[in-house]
Amino acid sequence: MRRRVTLATVLVGGLAVPAAAPAAVTVSFWHMDETSGSTMVDSVNGANGRLRNVGIGGAAHYGRGYRFNGSSSVVTVPHTRAHNVPSRTTFTVDALVRFPDPPRTVGDFDLVRKGLSGTQGGHWKMEIFGNGKGYCRFRGSSGTVTVNAGPRLDDDHWHRISCVKRTASVTLVVDGRSYTRRKRVGAIRNHASLAVGAKASGGDWYRGLMDEVSIKLG
């Protein structure tokens with residue numbers, strides 16, 4: 001009897017094994033390598049951002065990076081549907097950060113966010129919480145999920161932080177270690193600008209360095 005090979009299985013040595021999952025697709029990638037001007041360039045899909053009071057051209061983990069002053073630095077990227085969160089597709093936002101102190105004059109450091117707590121259609125954000133640890137928050141059509149875990153990061157060393165929303169869970173990844181909460185978020189579809197380093201309207205100002213911000217689907 002011949003075994004049917006589907007998209008879900010392949011034959012290896014006569015045995016059916018799961019096929020490899022499709023690779024994630026990068027939706028936006030901001031390398032933050034600019035040394036002049038007021039534009040944060042998206043090297044993938046042209047979702048460029050507007051810099052305001054951000055130090056550029058400084059040393060970074062890779063190439064060059066940005067310095068946020070903790071009081072007025074922010075980058076805003078006009079709304080695009082590509083930065084909204086699908087219900088059943090994995091959504092990942094990722095950044096490299098380096099900062100010497102935890103939030104003191106503000107409640108938290110916003111790293112990357114799209115929308116606010118009351119934004120119609122939901123919102124998502126990745127930030128440094130008041131305890132100096134990474135924080136993910138997704139508020140969607142099926143509920144709100146937050147994860148605040150891992151080590152303190154206010155040691156003036158580079159750290160990679162990711163927030164990963166899957167169909168039924170949210171995972172905070174800090175330097176390769178994962179912290180997961182299992183709950184459905186659903187879809188997040190808003191028309192807000194994406195903001196880096198603060199709220200788009202100001203507040204929760206990040207003080208530190210940032211490099212290599214990206215968003216991926218799948």
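Read-outs: derived from the displayed coordinates by stated rules, not from any lab. Keep in mind it's a predicted model, so treat the numbers as computed, not measured. Here Cβ is always computed from backbone atoms with ideal geometry, including for glycine, and neighbour counts include all displayed protein chains.
Matching residues to (1) free of Cβ contacts under 8 Å to residues at least 24 places away in the same chain; (2) surrounded by fewer than 21 Cβ atoms within 10 Å (Cβ to Cβ); (3) assigned to a loop (DSSP other than H, G, I, E, B):
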| residue | (1), (2), (3) |
| --- | --- |
| GLU34 | no, yes, yes |
| ILE56 | no, yes, no |
| TYR66 | no, no, no |
| VAL75 | no, no, no |
Kindly indicate whether GLY121 is part of a loop (DSSP other than H, G, I, E, B), in contact with a His (Cβ under 8 Å, 6 or more places away or on another chain) and not aromatic (Phe, Trp, Tyr). yes
Only residues that are among the small types (Gly, Ala, Ser) and within 17 Å of the chain's Cα centre (by Cα): list them for the range 187-218, please. ALA187, ALA192, SER193, ALA195, GLY197, ALA198, ALA200, GLY208, SER214, GLY218
Determine which member of the set LEU111, LEU153 is part of a strand (DSSP E or B), crowded, with 20+ Cβ neighbours inside 10 Å, on the phi < 0 side of the Ramachandran plot and out of contact with any helix residue (DSSP H, G or I) (no Cβ under 7 Å at 6 or more places or on another chain). LEU111
Could you list, in sequence order, the residues of the range 146-170 that are under 15 Å from the mean Cα position of the chain (by Cα) and without any contact (Cβ under 8 Å) to a residue 60 or more places away in the chain? THR146, VAL147, ASN148, VAL170
Does SER141 satisfy being buried (at least 19 other Cβ atoms within 10 Å of the Cβ) and touching a residue at least 40 places away in the same chain (Cβ under 8 Å)? no
Would you mind telling me which numbered condition in (1) outside any loop (DSSP other than H, G, I, E, B); (2) over 16 Å from PHE109 (Cβ atoms) LEU172 fails? (2)
Residue among SER214, SER178, SER162 that is of a type outside the set (Val, Ile, Thr), part of a strand (DSSP E or B) and surrounded by fewer than 16 Cβ atoms within 10 Å (Cβ to Cβ): SER178
